[in-house]
Amino acid sequence: MSSVVEVGIRKKSFTSLTLTNQRVLVRVDFNVPFDKEGRITDDARLRAHLPTIEYLIKKKAKIILIAHLGRPKGQVNLKYSLKPVVQPLSQLLKTQVSFAEDCIGPKAYEGVAKLKAGEVLLLENLRFHAEEESNNPIFGKEMASLADVFVQDAFGAVHRAHASTTQIPAHLPTACGFLLEKELNYLGKLKSSPVRPYLALLGGAKVSDKIGVVEAFVDQVDVLFIGGAMAYTFLKAEGFDVGDSRLEPDLVDFCKEVVEKAKSKNVRIVLPSDHLVVKDIENPAESMITPGVAIESGWKGVDVGPKTIDVLKPLILSAKTIFWNGPAGIFEMAPYAHGTMEMAKTVAQAAKLGATAVVGGGDSVAAVNKAGVANQMTYISTGGGASMEFLEGKDLPGVKVLPEA
């Protein structure tokens with residue numbers, strides 16, 4: 001691993017800091033999903049931080065992990081406790097992780113005081129304190145007082161100006177961990193030096209959620225596919241009937257402008273050429289594939305059709321760089337998952353052929369896992385919102401405060 005991050009901006013890596021016998025505070029992203037029995041259903045985010053934590057163990061640091069889970073709204077709510085993370089993390093690290101029932105105050109100090117070199121302590125959910133999300137400087141200073149060094153490794157949190165991302169670095173020697181380094185390098189290359197042709201696959205429910213990134217991609221990519229419910233607003237802008245499909249009427253003019261801008265820049269925008277449609281989402285039995293682009297009144301689109309997949313496959317397989325964020329349909333329901341699954345398998349095939357295939361965003365990550373091709377992707381980003389904002393060109397507050405190398 002290199003000692004600096006190189007993405008146009010050069011940020012210091014934690015490998016350049018004195019770590020042995022130091023109390024090292026590490027911001028991680030343990031915002032993992034649980035089932036009704038309180039078991040983690042996807043431990044990818046835990047695994048993503050293992051290289052950083054294992055390096056610190058090897059260096060005999062005293063490791064203090066801080067993270068958030070869910071949205072407890074600034075109050076103690078044991079439904080969002082990080083305690084259930086302790087055993088799965090201990091098993092992954094092959095060392096027992098201890099737990100403190102607060103992230104500041106006597107319980108946190110007591111847990112840190114007991115730490116020996118090479119041991120790991122996880123503190124309770126940062127968001128049990130409203131001061132975390134309000135970016136309170138005093139709260140940040142109190143967390144910093146637990147440690148000698150701060151390592152930012154939570155890419156999924158750096159787009160938020162919270163106390164644990166922007167306040168702590170004011171008080172401690174600070175650098176980025178291996179995960180944050182990897183995220184910035186992969187996404188940085190997409191922005192600065194993608195191998196062409198560069199294809200972006202965007203899906204999901206709303207154009208309004210992705211206005212900035214749609215605009216940015218028109219300046220960056222060679223081909224832009226827009227699927228999911230987003231596509232219906234674009235199709236409406238192109239003059240097609242979309243039936244009862246999800247639509248954002250106030251964004252039709254924006255979509256027209258995007259299409260015109262793309263034409264002027266010789267960027268190809270690809271929209272679905274057919275659809276799987278239903279009258280009632282809860283009744284998949286009554287469905288049909290449209291003969292063309294238009295959707296009749298009374299029907300709503302829930303997935304792309306076979307003609308669209310036939311158009312997409314050669315585009316994906318001929319691309320040298322692929323970024324995918326957002327499914328092609330309501331893939332969580334098996335009858336509506338075919339388009340998204342075919343996209344996932346084809347992107348994986350392109351990666352096997354040598355394309356750089358980067359997946360960003362929770363739904364897309366879930367889709368590649370469901371398709372069984374996650375391990376074939378070049379890189380899977382741990383932060384959907386952060387990756388979108390980074391590619392959009394926004395400053396990420398938690399990265400901006402990191403010292404340059």
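Summary table
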item	result
Residues within the range 155-179 that are among the hydrophobic types (A, V, I, L, M, F, W, C) and over 23 Å from ASN21 (Cα atoms), tallied	5
Close pairs (6 angstrom Cβ cut-off, 6 or more residues apart or separate chains): farther than 11 Å from PHE155 by Cβ and aromatic (Phe, Trp, Tyr) in the range 181-199, open to solvent by 10 Å² or more (accessible area, probe 1.4 Å) and modelled with pLDDT of 95 or more anywhere	TYR198/ASP222
The listed residue being surrounded by fewer than 24 Cβ atoms within 10 Å (Cβ to Cβ), assigned to a helix (DSSP H, G or I), at pLDDT 95 or above and among the aliphatic types (A, V, I, L, M), out of ALA348, ALA344, ALA366	ALA348
Odd one out for LYS60, checked against (1) on the phi > 0 side of the Ramachandran plot; (2) open to solvent by less than 30 Å² (accessible area, probe 1.4 Å)	(2)
Exclusive hit being of a type in the set (A, V, I, L, M, F, W, C), at pLDDT 95 or above and under 30 Å from ILE104 (Cα atoms), set ALA231, ALA161	ALA161
Residue match in the range 375-392 (condition: in contact (Cβ under 8 Å) with a residue 12 or more places away in the chain, under 25 Å from ALA154 (Cα atoms), assigned to a helix (DSSP H, G or I) and open to solvent by 50 Å² or more (accessible area, probe 1.4 Å))	yes
Extreme residue, nearest to the chain's Cα centre (by Cα), among residues of the range 327-341 that are open to solvent by less than 10 Å² (accessible area, probe 1.4 Å) and among the small types (Gly, Ala, Ser)	ALA328
From the options TYR186, TYR198, residue that is closer than 18 Å to VAL399 by Cα, within 22 Å of the chain's Cα centre (by Cα) and surrounded by fewer than 23 Cβ atoms within 10 Å (Cβ to Cβ)	TYR186
So LEU89, is it assigned to a strand (DSSP E or B) and either open to solvent by 100 Å² or more (accessible area, probe 1.4 Å) or touching a Leu at 6+ places or on another chain (Cβ under 7 Å) (or both)	no
Selected residue (only one of MET388, MET377 is modelled with pLDDT of 95 or more and under 17 Å from the mean Cα position of the chain (by Cα))	MET377
Residue within the range 82-94 that is polar (S, T, N, Q) and in contact (Cβ under 8 Å) with a residue 40 or more places away in the chain present	no
Flag for GLY372 being small (Gly, Ala, Ser) and more than 18 Å from the chain's Cα centre (by Cα)	yes
Per-region count, the range 7-43, residues outside any loop (DSSP other than H, G, I, E, B), modelled with pLDDT of 95 or more and of a type in the set (A, V, I, L, M)	3
Residue selected from the range 130-146 under the condition in a loop (DSSP other than H, G, I, E, B) and of a type in the set (Gly, Ala, Ser), by the criterion surrounded by the fewest Cβ atoms within 10 Å (Cβ to Cβ)	SER134
Candidate set from the range 94-103 (those that are open to solvent by 20 Å² or more (accessible area, probe 1.4 Å) and out of contact with any Lys or Arg (no Cβ under 8 Å at 6 or more places or on another chain)); member that is nearest to LEU123 (Cα to Cα)	ASP102
Hits in the range 112-129 - residues which are outside any loop (DSSP other than H, G, I, E, B) and surrounded by 17 or more Cβ atoms within 10 Å (Cβ to Cβ)	VAL112, VAL120, LEU121, LEU122, LEU123, LEU126, ARG127, PHE128
So ALA175, is it open to solvent by less than 10 Å² (accessible area, probe 1.4 Å), more than 26 Å from the chain's Cα centre (by Cα) and under 15 Å from VAL401 (Cβ atoms)	no
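The values are calculated or read from the model by the stated rules, or taken from the named source; none is laboratory data. Given the structure is predicted, the values throughout are model-derived calculations rather than measurements. Counting neighbours? That spans all protein chains shown, and the Cβs are built from the backbone with ideal geometry, glycine included. Ligands, DNA and RNA are stripped out before the accessible areas are found, and what is left, the full protein with its side chains, is counted by its heavy atoms. Shrake-Rupley method; radii C 1.70, N 1.55, O 1.52, S 1.80 Å.
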